[in-house]
Amino acid sequence: MRRTMVGLAALLLLPLTLAAAPGARASDPLRILVYGDSITQGSTGDYTWRYFLDRHLRDAGVPFDLVGPRRGLHHLPEGADDDLDYAEPGFDTDHAAVWGQKLTAPVADLGDLAADHTPDVVIALIGLNDLVWNHVTPEALAERWRAEVAEVRAASPAADVVLVQVPQTWYADVPAYNAELVALSAELDGPAARVVTTALPDFDRRTDTWDGTHPTASGDLKIAEAVEAALYLAGVAPPAGMTPVVQNGPRTASSLTAEAGVGQVSLSWHDVPGVTTEWLERRDVSSGGAWDRYPLDFPAGTTSWTAAAVDGHRWEFRLRPAKGTAVSADVTSPVVSVVPGPPPAPSTAAPVVGPPLGPVGPVRARSPRRDRVRTSAPAVPTATGYRLLVAPVRSCRRHPRASAFRPAGHDRRSPSATVRARARALWVRWYAVRDGVAGPLAAASSACTRVR
């Protein structure tokens with residue numbers, strides 16, 4: 001990846017040693033206040049560019065302390081701002097960024113924040129909400145920045161300020177606003193308290209954002225690199241080293257389970273924080289097929305699906321998590337393998353010893369509450385166990401074929417069970433079993449009930 005550079009000629013003129021902030025001991029950590037909106041705060045499952053900045057400063061051996069009143073991400077989908085579910089939580093998460101914050105109507109005033117936290121450096125990435133939602137002009141935002149810088153200097157006279165250019169240049173007025181920031185930093189910069197502007201990252205809307213605005217991991221890395229270069233330009237941090245390799249998309253995958261049916265496979269999984277969509281992928285191993293994407297994607301909140309599959313073939317399934325348009329290329333759920341088809345027909349062989357094993361009946365079935373069916377029958381003499389098969393149907397008026405019945409768990413000691421039913425009605429069928437061999441059926445061995 002090409003590293004973003006800021007004023008190469010200017011950088012070459014800077015001393016290689018870093019000066020401590022005036023009034024601070026050389027051993028004191030550099031206090032950094034990161035101020036902004038959703039692009040800086042991030043949301044559930046993000047790294048955030050603050051993480052990459054933290055890692056750069058640690059790798060460079062710079063003593064620092066990120067300061068601010070907040071620690072969390074914006075939670076998806078509820079919207080709370082105290083979510084600590086970072087892609088990598090092992091960094092200094094203090095910040096002063098708020099989802100939806102505007103420079104002209106801040107949730108927290110920058111001057112007050114500077115007074116409360118006495119930063120050595122203020123890094124601010126803000127303005128997109130003002131331009132897009134409040135229709136503030138770039139010129140008016142620049143004037144607001146003059147007042148904000150004055151407030152920061154009143155609260156912390158030696159603080160340096162880094163104005164981060166907004167990378168989403170496809171929004172109207174953003175290029176003009178970025179140009180105002182460049183001009184403003186040249187006007188307000190001074191030897192005692194620096195005001196510098198970052199270079200504009202080479203931001204790609206398709207890969208560097210997951211929704212056209214908010215950055216993916218690659219977008220966060222590009223913002224962090226621009227900030228790192230600006231800190232070097234200000235003389236408060238060394239240049240960044242090698243660019244790390246990052247992958248876009250969620251870093252955590254769901255679990256996945258599969259249950260075979262006749263001509264189908266029932267899949268279930270759980271929601272993963274920060275994942276907005278699950279991609280289902282499958283392959284027919286028996287036919288030598290390659291992985292392909294299922295025609296449907298599943299939004300957060302959907303945790304089960306039944307997919308058609310050829311009986312007798314071995315199928316494999318996996319889930320690939322996505323956040324908006326950012327799909328994980330390197331993260332999937334564990335692969336599940338399953339062979340759909342009808343259950344083995346119960347054996348009607350005569351018992352080896354003892355009197356003949358008779359059928360179960362009369363079978364009773366009722367639905368005591370929603371999605372539950374209770375079934376029972378009289379015990380059969382000489383039976384050592386009982387086997388229950390079920391068949392979900394739309395109505396009890398039609399008797400299903402034998403191939404529609406499937407086992408409901410392991411053999412039981414008595415002909416009594418409560419099973420879950422996700423159909424309008426459920427047929428149940430009991431077999432008496434002795435020494436693992438099922439007995440015969442009778443008309444009374446089956447019953448159907450409407451599910452409440």
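The values are calculated or read from the model by the stated rules, or taken from the named source; none is laboratory data. Computed from a predicted model, the values in this text were never measured in an experiment. For neighbour counting, all protein chains shown are included, and Cβ atoms are generated from backbone atoms with ideal geometry for every residue, glycine included. Quick note on the areas: whole protein, heavy atoms, side chains included, nothing else; ligands and nucleic acids left out. Shrake-Rupley method; radii C 1.70, N 1.55, O 1.52, S 1.80 Å.
With the convex hull of the Cα atoms taken as the outline of region 265-322, the averaged projected area works out to 3.8 nm². Peptides 35-41, 401-407, 312-318 ranked from most to least packed by the mean count of surrounding Cβ atoms within 10 Å: 35-41, 312-318, 401-407. Surface composition of region 60-189: carbon and sulfur atoms hold 52% of the protein heavy-atom accessible area at a 1.4 Å probe.
Here the ratio of the Cα radius of gyration of region 293-452 to 2.2 N^0.38 Å is 1.30. Quick one: net charge around residue 88, please, counting Lys, Arg +1 and Asp, Glu -1 for every other residue with C-beta under 13 Å from its C-beta. So the environment of residue 88 carries a net charge of -1.
Each of the peptides 109-115, 43-49, 183-189 was scored by the mean count of other Cβ atoms within 10 Å over its residues; in descending order, highest first, they stand as 43-49, 109-115, 183-189.
Placing unit charges on the Cβ atoms of the charged side chains and taking the dipole of the chain about its Cα centre, the candidate lying farthest along the positive direction among 444, 230, 33 is 444. With each label modelled as a point 7 angstrom along the Cα→C-beta vector, the residue 137-residue 204 pair spans 3.7 nm.
Structural size metrics of region 274-384, computed from C-alpha coordinates, are Rg and Dmax of 22.2, 67 Å. Over region 61-105, the ratio between the Cα radius of gyration and 2.2 N^0.38 Å evaluates to 1.32.
Considering only 289, 261, 329, and ranking their Cα positions along the charge dipole of region 248-383 that arises from unit charges at the beta-carbon of Lys, Arg, Asp and Glu, the one farthest toward the positive end is 261. The value for region 82-166 of Rg(Cα) / (2.2 N^0.38 Å) is 1.16. At R0 = 56 Å, how high is the FRET efficiency between residue 252 and residue 444 if r is their beta carbon distance? Nearest 0.05 is fine. Between residue 252 and residue 444 the formula returns 0.60.
Region 74-224 gives an Rg/Rh value of 0.95, both radii derived from C-alpha positions and Rh following Kirkwood.
With a Förster radius of 41 Å applied to the C-beta separation of residue 401 and residue 290, the computed FRET efficiency comes to 0.75.
Translational diffusion coefficient of region 387-452 at 10 °C, 1.306 mPa s, Stokes-Einstein with Kirkwood Rh over Cα pairs, in µm²/s as a whole number. Reported coefficient: 128 µm²/s.
For region 44-125, state what percent of all Cα-Cα pairs lands in each successive 10 Å bin, counting from 0 Å until the bin that includes the largest distance. Each 10 Å bin holds this share of Cα pairs: 16, 47, 33, 4.
Mind checking which of 368, 193, 161 is farthest towards the positive end of the chain's charge dipole, using Cβ charges of +1 (Lys, Arg) and -1 (Asp, Glu) about the Cα centre? Of the options given, the answer is 368. Simple point charges give the picture: +1 on the Cβ of Lys and Arg, -1 on the Cβ of Asp and Glu, and for region 143-237 a dipole about the Cα centre of about 100 debye.
Dividing the Cα radius of gyration by the Kirkwood radius, what Rg/Rh value follows for the chain? Rounded to two decimals, Rg/Rh equals 1.22. Would you compute, from DSSP H runs of 4+ residues alone, the mean residue ellipticity of the chain at 222 nm, taking -39500 (n - 2.57) per run and dividing by the full residue count, rounded to the nearest 500? Roughly -5500 deg cm²/dmol at 222 nm, from the helical runs in the chain.
Each Lys and Arg adds +1 at its Cβ and each Asp and Glu adds -1 at its Cβ; summed about the Cα centre, the chain shows a dipole of about 4520 debye. For the pair residue 379 and residue 411, label points projected 7 Å from Cα toward Cβ lie 1.6 nm apart.
From the largest down, region 154-209 spans 41, 19, 17 angstrom on the principal axes of its Cα atoms.
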